[in-house]
Every structure is written in structure tokens, then in C-alpha cells.
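So the structure is just underneath, and the comments pick up after that.
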């Protein structure tokens with residue numbers, strides 16, 4: 001009986017409070033710019049904070065009221081926002097995070113046993129930036145996966161792998177990776193170099209089975225000059241790439257990978 | 001002692017001698033969070049006074065005429081929290097309409113008054129001490145004034161030390177905490193006077 005009275009008291013007070021707040025909210029309604037709501041509807045709605053504002057609501061009101069740059073959200077419907085705000089915005093290029101390392105546990109060796117905190121930012125302070133023989137590679141403790149709000153990064157065999165479908169390109173992982181391995185590339189990009197090692201070819205070979213040795217074959221074979229090799233590491237300029245695929249055929253280390261290819265996708269949802 | 005004198009003494013006692021922030025260490029979050037500028041500190045302090053006064057009044061009535069009648073004193077915490085949260089929401093709605101600039105300046109700290117333990121602390125304290133309505137109001141308003149005094153002093157000091165040559169390790173929050181500690185020591189001077 002006592003518990004029923006207690007529950008009834010709480011229920012009655014809650015209802016009274018609810019009614020009071022509802023009435024107040026109605027009496028003191030603040031007229032907001034209708035565009036604000038429309039812009040808000042075009043945003044991703046995940047409150048990831050990638051734009052630099054506190055959340056999608058804050059960013060929408062900043063666009064409408066303070067004239068903030070309306071193109072900061074990579075996963076928004078930019079054309080629609082442009083229409084609402086009366087400006088022409090280039091249609092959004094969907095970006096996706098890409099991990100420039102393929103040194104999984106199977107392909108690289110461990111120089112020593114690492115027993116400290118399982119966090120890449122701490123492992124980075126250890127000799128050779130972690131136990132893996134390659135000092136440029138992925139530490140594999142998943143700090144990027146930890147900060148990802150979209151569950152788009154998994155550690156598979158000691159290597160961070162991005163689920164391109166889930167990635168919203170908020171850029172948080174880019175900021176936390178101590179090795180700077182993650183880059184936002186266009187979702188439609190066809191080829192990318194999955195290595196970040198600036199070490200000389202021989203060293204790379206001894207540390208990892210799949211590392212860029214900087215031979216430069218790809219840049220010689222590329223018809224548009226999109227590939228440059230600097231510091232014994234190839235990189236592809238995605239704006240020039242025409243997706244011919246010559247580089248993949250030539251690459252002796254197999255380090256240039258075809259993206260958007262289900263068969264070659266490392267990410268297999270478990 | 002006449003009524004007015006004891007009333008004044010009660011307020012001074014609650015505001016200075018038993019200062020809610022500096023000698024009972026309640027409500028530290030807004031005390032440190034919103035004390036960057038004197039103007040917002042005044043706004044926050046005033047909002048806390050309004051919320052504490054209103055919540056003490058309502059919680060007193062609810063406690064005396066509903067909870068104690070039905071023998072449900074153990075529900076105090078949850079009921080008080082409910083009432084405080086609703087009042088804060090109400091203050092927020094009104095502020096948003098009437099004083100948008102203050103609403104913007106307070107930002108996230110306004111909803112955080114809900115979790116300002118000074119507000120709940122005062123309500124529960126006066127319920128446990130069995131104060132009557134007048135004493136509850138004196139006690140709660142005095143406590144809230146004490147919060148306003150503390151946060152405004154803090155904001156004033158922070159504005160002054162802002163551009164001082166503070167050692168690198170002390171910049172930002174550390175020097176603020178040191179300042180709060182020194183202020184607490186200064187307020188110890190009041191203890192025992194009432």
C-alpha cells in the first residue's frame with residue numbers, strides 16, 4: 001500500500017510539473033527563424049561536433065543567424081542548405097576516412113612486448129612508436145575507434161580499418177591518431193596508397209611485408225602525373241587521378257589499393 | 001530579539017558565516033564555470049537566487065503538506081530534484097523570452113543549475129532541520145545571496161588576474177582553484193561570529 005501511495009505522489013507531482021512546463025512553454029514561445037529548422041533538417045543530426053560547433057542545432061542557428069560557413073558539415077545536404085540560405089554551394093563531395101597503413105599483425109613483426117596502457121597516444125611514446133617494427137605504422141590500440149561516434153572503425157588483426165559506409169567524415173580520428181595515419185579522402189576515390197612509411201626501401205622491407213619502398217614505378221607509369229614520390233613514399237593526388245589502374249598493376253609491393261571494391265575491402269563486419 | 005533583527009542575522013549567517021560555496025563547498029561547478037566575467041556571474045547568481053527562493057518555497061509546501069502528512073519523507077530527494085528541475089526549466093523558458101542575452105551568456109550553465117547541489121542542499125537541509133516557512137525562506141535566500149557574493153567576488157578577482165604574469169603551470173583552472181582556496185580561508189574569518 002505504502003509503495004502505491006509513494007508512486008501516486010510522484011506521478012501526480014510529475015504530471016503537475018509537466019502541465020506547468022507545457023503551459024509556460026506555450027505562453028513564452030520564442031519565434032525562431034523558420035530557416036533554422038530547415039537547415040537543421042539537412043544536417044546529419046549526429047551532433048558529432050566535426051564542424052566546430054556544439055552540435056547540429058548550434059551549427060544550424062550559426063548558419064542562419066551568424067552567417068557561418070554553411071559547408072562545414074561533410075555529411076549534410078549542401079545543395080538544399082544552399083537553396084534555403086539563397087547561396088549556391090557546390091554539391092557536397094562525400095568524404096571518408098582512410099587509414100594509410102596496411103601493417104596488420106600478420107604482415108609486420110613485433111620488436112618487443114608492449115605492456116603499457118592500450119592507447120595509441122601512449123604507445124606512441126614507446127621506442128619506435130609502439131612494438132611494431134615499423135615506426136610509422138598503426139599502433140593498433142584503436143584510439144581512433146574509441147573516438148568514433150559512428151562505430152565506423154574497427155581494429156582487425158592489429159590494424160585500424162574504416163567502414164566506409166558508416167563513416168561520416170567528422171575527422172575526429174584524424175585528430176587523435178598520433179602517427180597521422182588517417183586522412184579524409186573522397187568517397188569516390190578509386191586508388192590510394194595504404195602506407196605512410198618514409199623509411200628507405202630496405203628498412204621498410206625488413207619491417208613490413210606490405211610497405212611502400214618508394215621505387216617510383218607508379219609515378220612513372222601514371223598517365224596524368226597524379227602520383228608523386230617524396231621521402232620514399234608515394235602519394236596520389238585524387239584530383240588528378242583518372243582511375244586507370246596502371247599504378248596498381250605496376251606496384252611491386254602491392255601497396256596501392258583499389259577502393260570501392262568489395263573484394264578488396266578489409267572491413268568485414270563481424 | 002525582534003523579528004527583523006533575527007531575520008537580518010539569519011541572512012548574514014547563511015550568506016557569510018556559513019557561505020554555501022566557501023565553507024560548505026556546495027555548488028562549486030557553476031562557481032568555477034561561470035565566474036569568468038562579472039556580468040555573467042551576476043546573472044548566474046541572480047538566477048540561482050530566483051531558483052533557490054522559488055524551489056525552497058515549493059519544496060517546503062510539498063514537504064510539509066504532502067510528504068510529511070503521508071509519511072513519505074524518504075521521497076524527499078527524488079521529489080525535490082523533480083521540482084528543482086522543473087523550476088530551472090521554467091526559469092530557462094522565461095529567460096529565453098525575456099532576456100535572450102543573459103540566456104546566451106549563461107549557456108549550458110543554466111540547465112546545470114538543476115545539478116547545482118547548493119539548490120538541493122538548501123532544500124533538504126531546511127526540510128531536515130524542520131524550519132517553518134519564514135525560516136526556510138530566510139535561510140534559502142541568505143544561502144543564495146552567499147552564492148551570489150562568492151561568485152561575484154570570484155569573477156572580479158579572475159578579471160583582474162586574467163592578464164597578470166601567471167606561471168605557465170598555473171594558467172587557467174589551477175590559479176582559479178588556488179584563488180578559491182584563498183577566498184575560503186578569508187571566509188574562515190567569519191566563523192564563530194554568529
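Nothing in this text is a laboratory measurement; each read-out follows from the coordinates by a stated rule. Bear in mind that the values here come from a model prediction, so they are computed numbers and not experimental data. Please note: Cβ atoms are built from the backbone with ideal geometry, for glycine as well, and neighbour counts cover all protein chains shown.
Extents of region A:71-189, largest first, come to 59, 23, 20 Å (Cα atoms, principal axes, whole angstrom). Note on the protein assembly as shown: Rg/Rh from C-alpha atoms, Kirkwood Rh, equals 1.12.
With viscosity set to 1.567 mPa s at 4 °C, what whole-number translational diffusion coefficient in µm²/s follows for region A:34-85 from Stokes-Einstein and a Kirkwood radius over Cα pairs?
Numbers: Rh = 10.4 Å.
Result for D is 125 µm²/s.
Would you calculate a helix-derived [θ] at 222 nm for chain B, using -39,500 (n - 2.57) for each DSSP H run of n ≥ 4 and dividing by the full residue count, to the nearest 500?
Details: 8 runs with 128 residues, N = 194.
After summing the helix terms and dividing by the residues of chain B, the value is -22000 deg cm²/dmol.
Averaged over peptide A:29-36, the number of partner chain Cβ atoms lying within 10 Å of each residue's Cβ comes to 1. The label point for residue A:31 and the one for residue B:99, both projected 7 Å from the Cα toward the Cβ, are 2.4 nm apart.
Using the scaling law 2.2 N^0.38 Å as the reference, what is the normalised Cα Rg of chain A? Present the calculation step by step, with values, prior to reporting the outcome.
Working: Rg = 24.7 Å, N = 270, 2.2 N^0.38 = 18.5 Å.
Compared with the compact-globule rule of thumb, chain A sits at 1.34.
Counting other Cβ atoms within 10 Å as a rough exposure proxy, the listed residues B:44, A:85, A:1, B:173 run A:1, B:173, A:85, B:44 from fewest neighbours to most.
Length gained on full extension, residue A:23 to residue A:11, computed as 0.36 nm times the residue gap minus the Cα-Cα distance: 2.5 nm. For the pair region A:42-73 and region A:149-186, the centres of their Cα atoms are 22 angstrom apart.
From its DSSP helices (H runs of at least four residues, each -39,500 (n - 2.57)), chain A gives a residue-normalised ellipticity at 222 nm of -8500 deg cm²/dmol. Counting beta carbons within 10 Å around each of A:195, A:105 and listing the fewest first gives the order A:105, A:195. What percentage of all Cα-Cα pairs in region B:56-177 are separated by more than 24 Å? The answer is 43 percent, as a whole percent. The order of the peptides B:117-129, A:9-21 by mean Cβ neighbours within 10 Å, most packed first, is B:117-129, A:9-21. The Cα atoms of region A:190-264 cover 32, 27, 17 Å along the three principal axes, with the biggest extent listed first.
Within 10 Å of each Cβ of B:88-101, how many other protein chain Cβ atoms are there on average? Present the calculation step by step, with values, prior to reporting the outcome.
Working: counts 0, 5, 7, 1, 4, 8, 3, 1, 4, 7, 2, 0, 1, 0.
Across B:88-101, the average partner-chain Cβ count within 10 Å equals 3.
Which FRET efficiency, nearest 0.05, do residue B:160 and residue B:4 yield, Cβ-Cβ r, R0 56 Å?
On the way: r = 37 Å, r/R0 = 0.65.
Efficiency computed from Cβ-Cβ geometry: 0.95.
Within region A:120-164, the proportion of C-alpha pairs whose separation exceeds 16 Å stands at 36%. Inter-chain neighbour count for B:80-87: the average number of beta-carbon atoms from partner chains within 10 Å of each residue's beta-carbon is 3. The fewest-to-most ranking of B:13, A:76 by surrounding Cβ atoms within 10 Å reads B:13, A:76.
Counting every C-alpha pair in region A:1-92, the share spaced more than 19 angstrom apart comes to 54%.
Separation of region B:138-194 from region A:194-246 is 59 Å, based on Cα centroids.
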